[in-house]
Amino acid sequence: MDQQTNNVHTLPAEWPIEHVPTDRLRPDPATDFALSPVPEALTGSIRQLGVLTPLIACRQGEAVAVVCGHRRLTLLNQLATQTAPVRIAPGPLGTARKLLLQLNDNRAHRTFSDIETGRALIRLSASGMNEDDLVGNVLPLFGQPVSKKRLHDFLNARDFSMDLQQLLHDLALPLKTYAMIFGWDDAGRKAAHNLFTHLRPGANKCRDLLELIDETAHRDGQSPARLIQNEAVQKTLDDASLSPGDRYQAAHRFFFQQRYPTLSSLRTEVRLALGRMGLDGKIRLRVPEHFESGEMKAEFTFHTREEFVEKVERLFAAADSEALDVLLKIVRSPESLLTK
């Protein structure tokens with residue numbers, strides 16, 4: 001027994017290679033935390049050359065549980081390959097050992113998303129690994145700072161559904177962004193999942209929407225789910241005639257109006273005044289985004305004297321418009337509009 005224990009703690013490179021029938025291989029759930037699809041480069045390599053790097057596994061009854069090499073195993077099954085080269089541990093492996101083997105096996109040729117990092121840390125924590133080891137030894141394997149707060153933030157994703165985890169990974173959301181939904185209930189998380197599934201925004205746009213929703217919910221004492229499930233938002237999401245970009249803009253406008261009703265009203269008045277000035281987009285009037293100053297800027301481009309004269313004439317025409325007086329009043333004294 002002592003000899004077997006010592007063998008388990010030898011380097012996996014020293015474990016003998018066996019050619020195991022693929023129908024006996026199973027992914028070990030303890031280390032199957034990655035969410036990315038099999039990359040095309042790996043697919044092409046295995047098609048052309050086969051598996052050059054053996055899988056690492058341990059025995060579980062009649063089956064062999066793959067600890068390292070889940071993507072290779074997926075491809076072997078897709079290609080109906082009969083056997084695979086496997087280094088099998090000479091004895092049982094604990095969950096912590098399996099996960100550390102997996103992380104070290106992958107650290108040289110791939111990175112993990114923040115949600116994948118959280119999934120691994122949650123498994124390690126559940127296996128009994130103490131907090132100091134997680135912070136000092138595991139976080140650096142993921143390129144993360146040595147920080148107990150950072151660890152606790154990652155562990156907070158333990159209540160996320162599998163569907164939500166996959167979506168957060170697909171959208172490449174960093175921890176600091178999806179941390180905003182840690183305090184949401186299940187209904188809020190499901191609503192967020194539905195929202196982002198329809199919009200498929202980039203990471204920055206996701207952050208903007210989550211901030212608007214979270215801040216409004218806290219200010220008004222209502223649930224995020226109720227905000228997201230508003231009839232106007234759902235109508236936007238269900239409108240097949242809108243492009244994803246148009247859906248996002250419509251949803252963002254709604255949540256922005258809920259969060260900043262005053263600022264939204266001022267911006268609406270500005271848009272109306274600009275529309276009445278008849279500049280038709282060829283001349284852009286820049287208004288301070290948050291009305292922090294009374295200064296505006298006029299911008300236009302030209303290539304010829306004729307184009308320059310045309311733009312100047314349009315500006316002179318706009319100068320006689322009553323809409324210009326309205327616009328100046330809004331920008332210079334926005335509070336006068338709010339006290340109506």
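Criterion applied to Ala319, Ala273 was being over 30 Å from Cys206 (Cα atoms) and loosely packed, with under 12 Cβ neighbours inside 10 Å, and the one residue passing it is Ala319.
Applying the condition of being hydrophobic (A, V, I, L, M, F, W, C) and either in contact with a strand residue (DSSP E or B) (Cβ under 6 Å, 6 or more places away or on another chain) or under 28 Å from Leu167 (Cβ atoms) (or both) to segment 52-62 and asking which residue is surrounded by the most Cβ atoms within 10 Å (Cβ to Cβ) yields Ala57. Which count do you get for residues in segment 244-270 that are of a type in the set (Gly, Ala, Ser), modelled with pLDDT under 85 and crowded, with 17+ Cβ neighbours inside 10 Å? Going through segment 244-270 one residue at a time, the tally reaches 0. Summed over segment 241-268, the residues that are more than 22 Å from the chain's Cα centre (by Cα) and farther than 28 Å from His218 by Cβ give a count of 2.
Against the test of being surrounded by fewer than 16 Cβ atoms within 10 Å (Cβ to Cβ) and among the polar types (S, T, N, Q), the options Thr83, Thr43 yield a single qualifying residue, Thr83. Scanning segment 267-300 for residues that are basic (Lys, Arg) and touching a helix residue (DSSP H, G or I) at 6+ places or on another chain (Cβ under 6 Å) yields one hit, Arg276.
Got a sec? Which of Ser223, Ser241 is farther than 28 Å from Glu289 by Cβ and exposed (fewer than 13 other Cβ atoms within 10 Å of the Cβ)? Within the list Ser223, Ser241, the selection yields Ser241.
Being in a strand (DSSP E or B) and crowded, with 16+ Cβ neighbours inside 10 Å is the filter here; which residues of segment 63-80 pass it?
Taking segment 63-80 first, the residues in a strand (DSSP E or B) are 63-68.
Across segment 63-80, the qualifying residues are Val64, Ala65, Val66, Val67, Cys68.
Each residue in segment 18-77 was checked for being at pLDDT below 90 and of a type in the set (Asp, Glu), and 3 pass. Against the conditions (1) more than 26 Å from Asp163 (Cβ to Cβ); (2) in the same structural domain as Pro16 (by TED's automatic domain parsing), Asn77 satisfies every one except (1). The residues listed here are Gly94, Gly143; of these, the one that is at positive phi, surrounded by fewer than 19 Cβ atoms within 10 Å (Cβ to Cβ) and not β-branched (Val, Ile, Thr) is Gly143. Looking for something touching a helix residue (DSSP H, G or I) at 6+ places or on another chain (Cβ under 8 Å), under 24 Å from Leu210 (Cβ atoms), of a type outside the set (Lys, Arg) and without any contact (Cβ under 8 Å) to a residue 12 or more places away in the chain - is there at least one such residue anywhere in segment 122-145? Yes: one or more hits.
Checked against (1) assigned to a loop (DSSP other than H, G, I, E, B); (2) farther than 26 Å from Pro201 by Cα, Leu151 passes all but a single condition, namely (1). Restricting to segment 6-62, and then to whatever is among the charged types (D, E, K, R) and not in a helix (DSSP H, G or I), can you tell me which residue is nearest to the chain's Cα centre (by Cα)? Once the filter is applied, the top-ranked residue is Asp32.
Any residue in segment 199-207 that is in contact with a Pro (Cβ under 7 Å, 6 or more places away or on another chain) and crowded, with 18+ Cβ neighbours inside 10 Å? Yes - at least one qualifying residue is present in segment 199-207. Every condition in (1) outside the structural domain of Asp208 (by TED's automatic domain parsing); (2) free of Cβ contacts under 8 Å to residues at least 40 places away in the same chain; (3) assigned to a loop (DSSP other than H, G, I, E, B) is met by Ser241 except one, and the failing one is (1).
Applying a threshold of 6 Å to beta carbon distances and a minimum spacing of six or more residues, or different chains, the list of pairs starting in segment 200-218 at a residue that is over 14 Å from Arg189 (Cα atoms) and ending at one that is surrounded by 14 or more Cβ atoms within 10 Å (Cβ to Cβ) and among the hydroxyl-bearing types (Ser, Thr, Tyr) reads Pro201/Tyr248; Arg207/Thr177.
The values are calculated or read from the model by the stated rules, or taken from the named source; none is laboratory data. Keep in mind it's a predicted model, so treat the numbers as computed, not measured. Positions of Cβ are backbone-derived with ideal geometry, glycine not excepted, and every protein chain shown enters the neighbour counts.
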